Structure formats: C-alpha cells, structure tokens
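Read through the structure below, which is laid out as structure tokens, and then see the notes.
Nothing in this text is a laboratory measurement; each read-out follows from the coordinates by a stated rule. None of the values given here were measured: they were computed from a predicted structure. Note: ideal-geometry Cβ built from the backbone for every residue, glycine included; neighbour counts use all protein chains shown.
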Amino acid sequence: MSILIDESTKVIVQGITGRDGSFHAKKMLEYGTKVVAGVTPGKGGHKEHDIPVYDGMAEAVKATGANTSIIFVPPVFAADAVYEAADSGVALIIIVTEGLPVHDMLKIDRYLRSKNIRYIGPNCPGLISPGKSKVGIMSADIHLKGGVGVVSRSGTLTYEVVYNMTKAGIGQSTCIGIGGDPIVGTSFIDALTLFEKDPETTAVAMIGEIGGSDEEEAAKFIATMKKPVVSFIAGRTAPPGKRMGHAGAIISGTSGTAEAKIRALNDAGVEVANTPQGIAELLAHKLTVGAAG
Amino acid sequence: MSILIDESTKVIVQGITGRDGSFHAKKMLEYGTKVVAGVTPGKGGHKEHDIPVYDGMAEAVKATGANTSIIFVPPVFAADAVYEAADSGVALIIIVTEGLPVHDMLKIDRYLRSKNIRYIGPNCPGLISPGKSKVGIMSADIHLKGGVGVVSRSGTLTYEVVYNMTKAGIGQSTCIGIGGDPIVGTSFIDALTLFEKDPETTAVAMIGEIGGSDEEEAAKFIATMKKPVVSFIAGRTAPPGKRMGHAGAIISGTSGTAEAKIRALNDAGVEVANTPQGIAELLAHKLTVGAAG
Amino acid sequence: MKLHEYQAKSIFRKYGIPVPDGEVALTAERAAEIAAGFTGKVVIKAQVHVGGRGKAGGVKLAEGKAEAEKTAAAILGMDLKGLTVEKVLVEKAIDIDKEYYISFAMDRAKHMAVFISSVMGGVDIEEVAKKSPESINKSYIDPFMDLKDFHIRPFLKQAGLEKEACADATKIIRNLYKIFLETDANLVEINPLVITKDKKVIAADAKMDIDDNAMYRQQEIYAMLKEELEKQPEHQAKQKGLSYIKMEGNIGCIVNGAGLSMATMDIIKLYGGEPANFLDIGGSSNPEKVKYAMQLLMSDKNVKVALFNIFGGITRCDDVARGLISAISELKVPFPIVVRLTGTNSVEAKEILKGSELIFEETMIGAAKKAVGLVAR
Amino acid sequence: MKLHEYQAKSIFRKYGIPVPDGEVALTAERAAEIAAGFTGKVVIKAQVHVGGRGKAGGVKLAEGKAEAEKTAAAILGMDLKGLTVEKVLVEKAIDIDKEYYISFAMDRAKHMAVFISSVMGGVDIEEVAKKSPESINKSYIDPFMDLKDFHIRPFLKQAGLEKEACADATKIIRNLYKIFLETDANLVEINPLVITKDKKVIAADAKMDIDDNAMYRQQEIYAMLKEELEKQPEHQAKQKGLSYIKMEGNIGCIVNGAGLSMATMDIIKLYGGEPANFLDIGGSSNPEKVKYAMQLLMSDKNVKVALFNIFGGITRCDDVARGLISAISELKVPFPIVVRLTGTNSVEAKEILKGSELIFEETMIGAAKKAVGLVAR
C-alpha cells in the first residue's frame, strides 16, 4: 500500500499543452503513472505525447474515468481550473501552480472541503509512491520503494532528504510535498493521519520550515501516534518579517520560528535532526530499534 | 423515540421580541418545550416570558447549550439570522419565515449543507413530537402521542389530517411540516429516511402537493422502505402556471402535476387517499393488518 | 412574476445585451409611426404571457407604415389562448443566419441555478428536449462558485461559433447571468439567440420571470409591472395578504392555508362540483380579511354558493366568525354560505354565528357535499 | 507588501473611511508648508515600516510653521530600528476621546479571514493580547458568507458606542472589509480607531499589507509602491525570478529551492559560519540567472566566499554549470567558490567545470564546512 496514489491512480494533466505541463506529463508517463488525459480549453482533439487532450474536465473525466488531476495552469487561470476539476468528479487535486492569491485560496479551500475533495498544494511538487505512481514534478530516480512516509513543505530540501535516505537503503512508501503557501489543502496532520493508517508505512519523516503553526499542531498529533516520526525544520537562521522564498515561510512577530517548532516537536518526543542528512541517520536508528523491539 | 426533537431538545427563538416570535415562544414553553433563550440584536439582557434574551446567537448558545433554533425573523433579515445560527453551533434550524427569495435560499442551503446542519423550511410550521417537544407553530391540542410519522408540505392541511388521525385514536411519533417553498432544507426523502430508522415509528403519512418532483423522488425511496407509507396529494384541480399560495406549489408546463405524483406513488405501491380524512382510514387499516400479520 | 418581452428587452439593453431596435405600442397608429422610423421590414409581436405566440398568429412581418398599421390593428385586441393582446412590440426585422437557445433557470431538485443552452433555437425548448435531447447542454452552477468559463465552453463548442461571435456570445451569456442574479430571476431566457447574416449576435426574444418573494428589493422591476398588476384581482388580493386564483367553476371557496385550500377544491371536484377559485386567507385572519374574501367571491358572477373551510390553530375560529358576521351584515351576499369550522375556539365561533342563515357542517366532506348539492338544485 | 501609512490612508479616503487631513512630505520645507495650511497643532509621523514608531521618537506634535519644520527636519533622516526615514506624514492633530483597535487579517490555521477588535486601542495589539485578552474580540468570516452584522455587533457592544458613533463605526468596518477584499490584503488595520471629543469616528493610523501573489491584479497599489520597491535588491532579484534576502554574514549562498536555501544557511551557522544571504534561484535555472545570482553576491561587500548548493531534479546540474562557467569568465569574482552539485546531470556538470578554480564538495555538510573554513582563514 501507500497513501493517496498507487498503481490504480488515473491522472489528468490540466494545462498539458503548456511548457511545464507537457514536460511533466511526459516524465510521469515514463515513470509508469497512468496519465489518461490532458485538458487545455480550445485544444480538444489534439494529442500530447500520445495523451488525448480535452477542452474541459467534465468531458475528460467522463471519457477516461480519471480520479486525480494535477494542475500546471498559470496563477491567473489556476483558480478556475481548480473549480473545474472540483466539479468534474475527481477525488484528488494536486495544485503545482505557484502564486495563487490567498483570497482566492480561502474560497477554493472552503469549496473543495465542502465537497470532500482532497487537494495538495498549491505551490507544491506533488507526490510519489515509489514504484507505483508519480503525480508531481520531483525527479523519480532518487526514490526507493520502502516503508518510510515523507511529508514536507518544500521541494529540493525533500529531494536532499530522500536522496540521503535512499543512499542509506531506506525506502519510501509515499513522499508528499504539501507546498509552501500559507493556506494548503493537505496539512502535516492530514498526511500523518494517512501514514499512521497505512499498513506499508513503518515510520515518517516530517520536513517543516518557519511560518505558521502547522508543525506545532502536528507535534500534538504525533504524541498520539504509534509509528515513529523524525523531523527536520528549516529556517533557524531566518530573520523575522521576511518571506523566505515560499509565501508561507515567514516569521510574524514572534510566531512561526524554527525554535518554537523544534521545541514543540521535542516536547512531543520527536527527534529533530540538525541537518537534512541527519534524517536518514535518525530513521536508520529508529528502524533498527523497531525491528529489534 | 421520535425524530429530530425530543425532551432533550434545547431551543433558541430568533426574533423572540417580535409579535409571532413572542407568541409562539410562549406556546412552545407551555407545551413543555425547553425554550432556553431568545435572540434579538439590541435586546440582550431583557426577558420575554421569563426567557433570557441575548444580542447574538453565539452568546446565547454559549450561555445555554442550545442545540436547536427556530427563526421568526422577517424575510429581509432572515438570511442573516440563518447564517448567524449556522455559525453558532446549533445542529437544527427551523425557518418559519415566509418570503425568503430563492436566490438567498440557494446560498443558505449550500452553506448549511456544507456544515452538515439540518434545517427545516423555510415557510414551514415546524415540527412536534407529541408529549415531548414542539418546535413550531402548530396548535398542540390536536396531536396524540403514538407511532405514525407525519411529513407534509403544508400547514392547516396537516392539522386536518392529524385531527382525523387523533379522532380515530391513531397517535403520532413526530409531525414535520417541511414547508411550501421551491427549495427546502428537509425533503420528503430526508424525513422518510429518519422515520424508517426510528424504532417508535410504525407507519408514515406523507402529505404532498403540486409542484417540483419531491413526491416522485420520495416514491422511489418508499419502494425500498420496510414501514408502510400512505399519502395524500393536494392540487388535483390546480391550473398550470399559477402559484397556489405556496411559492413552490406550481405546475410548470407539464411537470409537477398531482396526477404524476399520485401515479408515481401508486407505482411504488403507496395508497393515496382521495381526501385528507382518507389518510386516517388507510392508516387504521395498515396498522390493523400490521398488528395481525 | 413574468415580464413582457419589451420589458425584458429594456433590461437587456441596460446590461449591454444587443436586442433589435424597437418600441412598444398600445395602438395601431403608434405602431405605424414606430414602423415608419425603420427602413425595411418590421416584426409586430403581441405582448402577452403565452408560449407559442408565433404559431397562434401573434407575430407578423410587415413593410411600410400602412401595412404595419393594418397588421398591428389585427393583432391588438386578438385573443391568444384566453388572453387579450393590449400591446405590441414593433421591431426592425433582422436577417437571421443561425438560431440558438440560452437561459438561466432554477433547478429545484438540485438546489442550483442551471445554464441551459441548445443549438436548436427559435422553437419550444420542451419540444427540443423531447425530440433532440443531444442538442441541449446543461451546466449547473454551484452557488459558492458563480458562472465560470467552463460552464459556457460546451455551448460555444457545440454551436461552432467563429472567434468574434464566440466573444460576443460569451459577453451576452455573462451579462444574462448578471441579470439573473441581480433581478432575482427564476428564469432569464433568450430564444432565439440569433447570429445575423452580418455576424452580429442578437437577442431576438427575451423572457424573464422574477421571484415574487424578492419584489421588496426589486423596486425598479416592480414599478414596470405595477400598472398591469394592479388591474388583476389576484394581485389586489395579495396586497391584502390573501392568495386568490380565479377558476371557472361556481363554488366559491374561502379557506385558511394553501394546502387545505387546494384540498378543498379537490374534494368539491371529487363530489361532482366545480370550484370557482382558490382562496387562502392565511394564518392570522382578522375580520377585515374575511370580509374582503367575501367581496372577492361576490365579484365573481359565476359563484352560486360559498364554502368556508377553516381549521383553527393559530387562526382562531371566533375571529373568523366575527368577520363572517360583519361581512353578511354589511354586504348583501346573494348566495348561500356553507360553513365548516374546526379547532381553536370553534365552540365560541358557533355561538357567535347562531341564528344566522349560515349552513353548518362538521367535516370537509360534509361541507363539500352540501355545497355541491346546493349548486345542483 | 506593506504600504506606508500615507499610502494606506489614500486608499481609506477612496473608500470613504475618515482620516485626519494631511499630506506626505519628503523635505522639512514641504512639511512646514503643509503644517501652515492647518490651524492648531499638527502631528509629524515618520513613514517607515517598523512598529512602535511613537516610542522610538518617530512621531511628534508641533505647532506653527517654524516648529513643524524643525520637527520634520529632526525626523527625516532619522534611523528607526535600522531603517532611514525618508518621508513624513504631516497631519492636523485630532482631539482624542477614546481609542479602539480594529483589523481584518488572515488566520492561517483556520483558513479564514478574521475581524479582530479591541476596546484597548493605540497600543501594540500583541501586548494587549498578552495582558488583556478579554478586551479582544475575534469574529471569523466564512469565505462563503462574507461580513455580516453579527460579526461586528460584539465589538460595538463592548465599545459601548452611542447610536451615531455605532452607525459610523459600522460603516468604517464594512468599508475596511471591502478594502481587505478588493486590495487582496493580508492585513488592514486601524490602530487606533478614534472617537474624537466632538463624537467623530476617525482612522488615526492605517496599516495595510498586500498579498505579493496578487500584485498582478493590484496594479494601482503596485504603482504606489513601485518607486520604493525598485531601489531594493530583493525586489530586483524577484523581477528576474530569484528570491533574495540580504543578511549580515559573509558566506554568500546560491541554492535552488527555498527550503534547501534555508537549510543551507542553517548548516553554515551550525558549523560556525554566518550566511550573507538567502538566495533561491528557483526551479528551471538558466545560465543568465546563475550569472545574475553571482552579481548579487558580488554587490554585497561582506561576502568572502560563495557556496553553490544545487540539487538537480528539474533543475539540470549541467545548465547550472554552464551558467557558472559563463559567470566566472565574464565577471571577475573576487572570492573563492565552493560548489556542491548532486542529482540530474551532475556528472556532465562536473565535466564542464573541470579545470576551473572551483572547489568541489560532495555533500551539503562538506560544502558548508569548507566554506566556513575558507572564511576563517
């Protein structure tokens, strides 16, 4: 097993005729993901890497039975693309697009929740269940099929962590990038809840960063979990009041600091690595102890 | 048992200082309903029939632990009153107010559903579980505690039916007036579903009328029910294209006729009485047969 | 409440939806003057609330002042499915290339507004739905989302419009939706939406139905309708808090509650009679309302007997009785009155009415049978 | 992006929120002229993005032209918590009777906007939250509902405003919400909202923070900020698709990805160094971006060593390598460059860079240690 996506996931790429959409549709297809359709208004009937393109989501879902959509549409049109996906019947939406205004996200978030549709992002790399399916933009070759769930607010930092895990022989069940925006569809707690329930997952790595209080909330939840969780928090040296690349990575006044997050995690009994490499070491230890005990 | 309301129901009356709100708050209190608070903005701190009045719903719910609200606010302010109730934490809202515009109702309906709040009405008499609680404007004395669930789109017609049932010694578990507007919170199917599950209810009387297709939808559901259902449909003589008092009671083109509804019910095996009195006779027969069989 | 085509088109104009040049006329002379202002042919269209005006002869082409006058004269005063034509719309005729159907309506079952479109315009949409359902597209609009391009796209594609016509049609659809929301409409419809031979997109017809419940905040529209409404007894009754609909029978009904009123009519019919009206005097009946209800019945020459059916609850039977006493003492009621009163204070009511010439019955069925019997004599 | 008080107040005026009469000045002379236009006292307020300007000496009263000029001269050029005052707002002083706090903000955890109010205005709201939490009221606004009277009522009641002030305050709060929505604000704040001795309700201060992501549709606001923004290296970098934040250390960082950039800074610190900056060159790096990133580091006189940390994925290491080669050949880079490249095409990258004076490291930790060591020498 894995969470959210597996061999049966059927994906539509919204914005498939754009540069990024086309590139990643191809990469996903090469990985073995069932990319069954693309959507670009006005391009219906065309093909992109042999994937049929439709004018609209309703039509594409009806024709292919897709259950998942990944969105590569520029921010100005992204909100409408999400609404269209929401009304098409898919159960999971991955918003890769960066730069969606927060006021739009408030409404989108409320809308998708009201329809019980799971979404990931925005401004996220997507997710991968190694050996099964990739619905995202991460490079596949650093991943190894295994038992550790990875959840993270950032992209390349996660690749760094996963790369070190794989080098150490520690495989992953599913890796999810939840995105770096202030409002995201899938929180740490959401991902942890799914990992806790997933029989294949034996431990979880949570990679947080400054801004908001998602890690602090997660810490409380982890205290109730049976599976071990290790963590890394980026931004110990970040100054207050500045957005560190991600729209959500900002210390406001005294809230959202790395210190507060690390403290909350330590209080919940979670070991927090000093470096991204440290995650692999902590996991190796946990898994050995777990296997022994 | 009964459905939706019973001895434990704690009610707030929104618009308690208005003429109708005040009158019916008193009547409900006299019946034994736990009317724990009233709300009228600007009248906080006053008392109405010894019921404490608050300025807002949040405050009233916090102070009293109420789980139900009944709204007697004029149409111009009714939508806001519903939203306020929705955000206050009550689980059941009865909208007595007549005259809410349909465009307002579209949004209200979507909002309440998105929060999983049950509502009844608008433009409805409310509901009564005889001997337990009355959250509505029906006169109590025609009711008798018993085993028949009654659900209806109209007010006085239901009284007529219930009056005849009570005269014949057939008591009611709960009587719900779902309201005569085109868009209502609780449909026939919703009420039937609850009655089917309620151990105290042994049979159901459904009183429909022209307009829409709620009775036709209900017929399909009744075909799957274990409990007997009898029906009466008003408006066999109604002309097309005219609103018969209720905003929702209108035959549009060829849809919404009494004939179509009666046919659908008959097809589902439901006996439809020719007169309101006929309901009591049909029930007497069903219940005797049921007891014998 | 329905708007006439010319009224709906005046709203369309305000919202930037193109309609043919034209004006409404109450007389043939005025129609001729309007026609004289246009070169080429004009269309003269009866302004009545019935479907299929064209087939029924309510829409005609004419050319020149004289012909327009003659045609308008023929249409004005015409009886269209029971309604008399009092106004005509005189419009410059347009060169039709293609005809489509678009509307925004309420879907009661889905609790959503719906955008309905068809590539078969200019004909009755219910007919199209039966014969060519594949030509119809429905896009449901979630109340939390509003109209989006993806709701419109399927129509544009099916219609195969060229780029410029696409942009024009999109603008019209967006403005139509705006009208739908801002006028509290139950229905706004363009049938046909026309592409002219010179590639213009025009609303050739216009239909609007406004939510009665929203009239308090639709004062502009109410002002448009006021004059015509005030002539209707249904509307006069409504202003007094009564719901009245005239029927063709001879047994006048006065009932409290809409459902009970319909049921009373049904029972009259069941026992062989014909109801003269639907009349719901509402919840809290005061004597004035009862008196007014009786006057309504008296204004209908067909009425041969009145049937009072009151189920007292919030409505107190003694209040109704007092109204009844005052009505029969002040008005010379020319027909017998059958009364059935049950519920709150019905004993007191019967006391009040004792000695009057009213005919009492205990049950709905009894009262209906009695009334039918009285008419049959 | 934060607006200055005078900019926010210009928006307030447009939306009908009363603010004191006043104007912005870049010189003491201009400040004096503005002051001369008012009778009575004026307030001269430093326009810089720091909290607690008053306590820090950035807000002063003055009377008459001469005193205003003297005061403005003292404030202009002042250093307030590291920022130099370049503009002052000169306003007619108001007679304060009562001070309140109101704002609309984003609640990240609840995914909702929130209306925050307090009867303790004119002081830091975070302080109030600690010391008198009971004075603060929060009403969460569901995105599907918008602002309703019941969100506002608790504040009006707690503030105990008289009828007219109630109506004025309600209007201000509704307009503030409109600004919040229509300008894509993360925060709009009035602190204090003042009731003057003659019972007027006035926004004495104004704070606004606009969502960077919404700038594409907030052109009017962007135009207001443009001049000041264009002076900032952070903003210039952003225009080129890079995320740059200057820090006080001496190890310049060039990294792909925001999280990895922060982690790189953290590791430098962990091993005893001080990062000179945050710099994320983003996902699809072209050689021009790499060159520009190097120029940014060179423009910071503190930088003693550069640390490249690239995790190739979508970003191809060979692209970065080509950029790097072109940068070092065209620019005279005055400090050593430590390079760590991993992932997609890293082998090709190393081939490209072979023979250059770059210092290679295999791991993040290795690269950080090396950079720290180079600075320490």
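Relative to the longest principal axis of the Cα atoms of chain A, the long axis of helix A:276-292 lies at roughly 70 degrees.
Average 1/r across all pairs of distinct alpha carbons in the range A:142-265, invert it, and you get the Kirkwood radius: 14.5 Å.
Result for chain D in a Gaussian network model with C-alpha springs under 10 Å: among D:Ile268, D:Ile190, D:Ile173, the largest mean-square fluctuation is at D:Ile268.
Cross-link partners of C:Lys110 among aspartates and glutamates, defined as those whose alpha carbon lies under 13 angstrom from its own and excluding same-chain residues fewer than eight positions apart: B:Asp109, B:Asp214, B:Glu217, C:Asp142. Within the listed set A:Ser154, A:Ser213, A:Ser129, the Gaussian network model of chain A (springs between alpha-carbon atoms below 10 Å) gives the highest mean-square fluctuation for A:Ser213. Taking a straight line from the alpha carbon of C:Lys2, these lysines sit under 17 Å away, with near neighbours fewer than eight places off in the same chain left out: B:Lys242, C:Lys45, C:Lys81, C:Lys87, C:Lys207, C:Lys226, C:Lys231, C:Lys238. Peptides A:191-202, A:175-186 ordered by packing proxy, namely the average of other Cβ atoms within 10 Å per residue, highest first: A:175-186, A:191-202. For the residues of B:37-43, the average number of beta carbons from a partner chain within 10 Å of their own beta carbon is 1.
When the square roots of the Cα gyration tensor eigenvalues are ordered a ≥ b ≥ c, the ratio a/c for chain C is 1.5 or more and a/b exceeds b/c, which makes its shape prolate. Taking a point 7 Å from the Cα of C:Tyr140 along the Cα-to-Cβ direction, the residues of the range A:34-68 with backbone N closer than 17 Å to it are A:57-59, A:61-62.
The range D:179-228 and the range A:31-78 have Cα centres separated by 40 Å.
Across the range C:21-93, the fraction of Cα-Cα pairs farther apart than 16 Å, rounded to a whole number, is 36%. Summing charges over all other residues whose Cβ lies under 15 Å from the Cβ of A:Asn67, with Lys and Arg as +1 and Asp and Glu as -1, gives +3. Averaged over the residues of peptide C:103-110, the number of Cβ atoms from other protein chains lying within 10 Å of each residue's Cβ is 4. Spatially close Lys pairs in the range A:104-206, defined by Cα atoms under 28 Å apart and a spacing of eight or more places or different chains, total 14. Each part reduced to its alpha carbon centroid, the range D:150-172 and the range C:103-139 end up 48 Å apart. For peptide A:149-159, the mean count of partner chain Cβ atoms within 10 Å of a residue's Cβ comes to 6. Remark: the range A:256-270, residue by residue, has Karplus-estimated 3J(HN,Hα) of x, 6, 5, 4, 4, 5, 5, 4, 4, 5, 4, 4, 8, x, 9 Hz, where x stands for each Gly or Pro and the curve is 6.51 cos²θ - 1.76 cosθ + 1.60 at θ = phi - 60°. Expressed to the nearest 5 percent, the antiparallel share of DSSP beta bridges inside the range D:231-377 is 20 percent. What are the lysines whose alpha-carbon lies under 19 Å from the alpha-carbon of D:Lys163, with same-chain residues fewer than 8 places away excluded? Correct list for D:Lys163: B:Lys43, D:Lys98, D:Lys148, D:Lys171, D:Lys197, D:Lys199, D:Lys200.
Rounded to the nearest 5, what % of DSSP beta bridges with both residues in chain A are antiparallel? Of the beta bridges lying entirely in chain A, close to 20 percent run antiparallel.
Descending by average beta-carbon neighbour count within 10 Å, the peptides B:102-113, C:308-319, A:41-52 line up as C:308-319, B:102-113, A:41-52, the highest first. Seen against the Cα atoms of chain C and their longest principal axis, helix C:219-230 is set at about 60 degrees.
Output the antiparallel fraction of DSSP beta bridges having both residues in the protein assembly as shown, as a percent to the nearest 5. Antiparallel bridges: around 55 percent, rounded to the nearest 5. Here the label points at D:Lys354 and D:Asp21, each 7 Å from Cα along the C-beta direction, are separated by 7.8 nm in the simple model. A Cβ-based charge dipole, computed about the Cα centre of the range D:233-376 with Lys and Arg at +1 and Asp and Glu at -1, lands at about 160 debye. Between copies, the label points at B:Lys197 (set 7 angstrom from Cα along Cα-to-Cβ) are spaced 2.0 nm, reported in nanometres from shortest to longest.
Taking D:Pro233, D:Pro334, D:Pro20 as the candidate residues, the one with maximal mean-square fluctuation in a Gaussian network model of chain D, Cα springs under 10 Å, is D:Pro334. As a proxy for reagent exposure, ranking D:Met265, C:Met298, B:Met165 by other Cβ atoms within 10 Å from fewest up yields C:Met298, B:Met165, D:Met265. Restricting the range D:171-236 to trypsin sites (Lys or Arg not before Pro) that sit in a DSSP loop and have at most 15 other Cβ atoms within 10 Å of their own Cβ leaves D:Lys197, D:Lys199, D:Lys200, D:Lys231. May I ask you to derive the relative contact order of the range C:191-312, considering only C-alpha pairs under 8 Å and at least 6 residues apart, and to give it as an integer percent? Result for the range C:191-312 is 23 percent. Here is the list for the range D:216-278: GluC sites (Glu not before Pro) lying in DSSP coil, each with at most 16 other C-beta atoms within 10 angstrom of its C-beta, are D:Glu230, D:Glu248. Loop-located trypsin sites (Lys or Arg not before Pro) in the range D:12-74 (DSSP state other than H, G, I, E, B) with a sparse environment of at most 13 neighbouring Cβ atoms within 10 Å: D:Lys55. Classification of the protein assembly as shown by its C-alpha gyration tensor yields a prolate form. The axis ratio a/c (a ≥ b ≥ c) is 1.5 or more, and a/b outweighs b/c. With a simple spin-label model that places each label point 7 Å from the Cα along the Cα-to-Cβ direction, the separation between D:Glu288 and C:Lys332 comes to 9.9 nm.
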